[in-house]
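**Q** My structure is below; once you've seen it, I'll send some questions.
The values are calculated or read from the model by the stated rules, or taken from the named source; none is laboratory data. This is a predicted model, so every value here is computed, not measured. Cβ placement follows ideal geometry from the backbone for every residue including glycine, while neighbour counts extend to all protein chains displayed.
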Amino acid sequence: MLLRAIHRTVYRYPVPSTDSHNEVRLQPLDDEWQTCREFHLRVAPWTKVYSYGEPGGLVHHFGLRSPHPTLEIVGEAVVETHLENPFEGLNFLQPDFDFYSREVVRHGYAEFLGESPYVVLNEEVHKIADLVLKESNGTAADFLRRLTDWIYRTLEYDTDVTHVHSKLHEILAIRAGVCQDFAHLMIACCRIVGIPSRYVSGYLLVHGEDGLRGDHATHAWIDCLMPDDRWLSLDPTNNLLANDRYIRIHTGRDYSDVTPTRGVYIGLPASDLAVSVRVDIVDALSPIS
C-alpha cells in the first residue's frame, strides 16, 4: 500500500523566542515492513537542518537564533508498506517460552527487558502479566494475543485523562489513557515475563475503518521479539496486529526515545501548541512539493 503522511507542529509564543535548538524524529523507517519513498522536512522560519542516525531511526536537528513568534515544523512522507498478513508464520501450537531464558537473548536485548523512564516493572504489572500468562497455552504468540486483548478491554481510551509525561502507576490507577499509555503498559507486561519489547511511534491509516483510534496525532504500538528471532508488531490501543495501514517512524525503549519534536529556547513558555497528522492512500508515487 502506498501512503502519504503529513505531520504538522506549530508552536506560538507569547513573546518572540530566541536561541531555539530542536530535535525532530519524523522520517519513516526503511525496514522489512516498509520503504520510505520520499521525505521532506520544512521548518519556518527557514533554517538549515542537519541529521544523524541512531538505532531507532533518523534524527533531524536545527537551531534558530533570531527572535521568532512562531515555529512551524512539517514532515511529509510517501511510504510503501508491505505487511499485508501479520499472522503469517506465527506459532500458536508448540510451547516456545524457553527461547526467552537463553543467555544470548537476555544479554543481547537487555535494553528492551529492563525498566526505562516510562516503563516500571512493579507488582501490579507482575500480577497482570501472570494472570494473562496462566490463561495462555505456553506460546509467545498466544500470550501476546491475550495480553493485547486484555489491555484493550481493561483500559478506557480517553484523550483527556493523561498527558505526555504520565507515568505507568498513574495509568494503572485510573485504568485509562491514550495509545502511548496502552503501549507502555503492554511493554512492561512483556518485559516482566522476559519478552524483549520496544516502543514504536508512527502513523495509522484510519479512513474507512470505523472504530480505529489514533488518526489525529502520532500513534504508538509495540514490537515484541518472537522465538523465531523476528519482531512482531502489536497495537493494544486497537486490539490488532500491525499491518500495512501502519507507518513506522522511530523505535526505542519507550516514549522518551522517540519524541517526535523536542527542544529548548530562551523565552516564555509556549502559549499554544497545535499538532495535526493526516494519512491518505495515494494511487501512484508523485514528488512532494
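**Q** What pairs come up if the first residue lies in the stretch 35-47 and is within 19 Å of residue 18 (Cα to Cα), the second is among the polar types (S, T, N, Q) and loosely packed, with under 14 Cβ neighbours inside 10 Å, and their beta carbons are under 8 Å apart, counting only those six or more places apart or on different chains?
**A** 45/66
**Q** Do you know which of the residues in the stretch 238-279 that are charged (D, E, K, R) and touching a Leu at 6+ places or on another chain (Cβ under 7 Å) is farthest from residue 178 (Cα to Cα)?
**A** 244
**Q** Kindly list the number of the only condition in (1) modelled with pLDDT under 95; (2) assigned to a helix (DSSP H, G or I); (3) surrounded by 13 or more Cβ atoms within 10 Å (Cβ to Cβ); (4) out of contact with any Leu (no Cβ under 8 Å at 6 or more places or on another chain) that fails for residue 166.
**A** (2)
For every residue, the table says whether it meets (1) among the acidic types (Asp, Glu); (2) out of contact with any Lys or Arg (no Cβ under 7 Å at 6 or more places or on another chain); (3) farther than 23 Å from residue 168 by Cα; (4) at pLDDT 95 or above.
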site: 58; (1), (2), (3), (4): no, yes, yes, yes
site: 61; (1), (2), (3), (4): no, yes, yes, yes
site: 80; (1), (2), (3), (4): yes, no, yes, yes
site: 112; (1), (2), (3), (4): no, no, no, yes
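**Q** Does residue 8 fit the bill of being at pLDDT 95 or above, out of contact with any Phe, Trp or Tyr (no Cβ under 8 Å at 6 or more places or on another chain), under 27 Å from residue 273 (Cα atoms) and crowded, with 18+ Cβ neighbours inside 10 Å?
**A** Here the answer is no, as residue 8 does not meet what is asked.
**Q** Residues of the stretch 107-135 being under 17 Å from residue 256 (Cα atoms) and surrounded by 15 or more Cβ atoms within 10 Å (Cβ to Cβ), which ones?
**A** 112, 113, 115, 116, 118, 119, 120, 121 - these are the residues of the stretch 107-135 that are under 17 Å from residue 256 (Cα atoms) and surrounded by 15 or more Cβ atoms within 10 Å (Cβ to Cβ).
**Q** Return yes when residue 192 is β-branched (Val, Ile, Thr) and out of contact with any strand residue (DSSP E or B) (no Cβ under 8 Å at 6 or more places or on another chain) and no when it is not.
**A** Here the answer is yes, as residue 192 does meet what is asked.
**Q** Sticking with this structure for a sec: Somewhere in the stretch 226-243, is a residue modelled with pLDDT of 95 or more and farther than 25 Å from residue 144 by Cβ?
**A** Looking for residues that are modelled with pLDDT of 95 or more and farther than 25 Å from residue 144 by Cβ, one finds none in the stretch 226-243, hence no.
**Q** Across the stretch 187-212, which residue is nearest to residue 75 (Cα to Cα) among those that are outside any helix (DSSP H, G or I) and of a type in the set (Gly, Ala, Ser)?
**A** Here the answer is 202.
**Q** Same structure, new question: Among the residues of the stretch 179-186, is there at least one that is in a loop (DSSP other than H, G, I, E, B), hydrophobic (A, V, I, L, M, F, W, C) and either outside the structural domain of residue 157 (by TED's automatic domain parsing) or touching a residue at least 24 places away in the same chain (Cβ under 8 Å) (or both)?
**A** Checking the stretch 179-186: not a single residue is in a loop (DSSP other than H, G, I, E, B), hydrophobic (A, V, I, L, M, F, W, C) and either outside the structural domain of residue 157 (by TED's automatic domain parsing) or touching a residue at least 24 places away in the same chain (Cβ under 8 Å) (or both).
**Q** Is it the case that some residue within the stretch 14-24 is among the β-branched types (Val, Ile, Thr), exposed (fewer than 15 other Cβ atoms within 10 Å of the Cβ) and in contact (Cβ under 8 Å) with a residue 24 or more places away in the chain?
**A** For the stretch 14-24, residues among the β-branched types (Val, Ile, Thr), exposed (fewer than 15 other Cβ atoms within 10 Å of the Cβ) and in contact (Cβ under 8 Å) with a residue 24 or more places away in the chain: present.
Table: residues versus (1) within 26 Å of residue 203 (Cα to Cα); (2) assigned by TED's automatic domain parsing to the domain that holds residue 17; (3) touching a helix residue (DSSP H, G or I) at 6+ places or on another chain (Cβ under 9 Å).
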position: 75; (1), (2), (3): yes, yes, no
position: 101; (1), (2), (3): no, no, no
position: 113; (1), (2), (3): yes, no, yes
position: 116; (1), (2), (3): yes, no, yes
position: 123; (1), (2), (3): no, no, no
position: 137; (1), (2), (3): no, no, yes
position: 144; (1), (2), (3): yes, no, yes
position: 147; (1), (2), (3): yes, no, yes
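**Q** A further question follows. Being surrounded by 14 or more Cβ atoms within 10 Å (Cβ to Cβ), farther than 17 Å from residue 240 by Cα and among the hydrophobic types (A, V, I, L, M, F, W, C) is true for just one of 143, 99. Which residue is that?
**A** Just one listed residue meets the conditions, 99.
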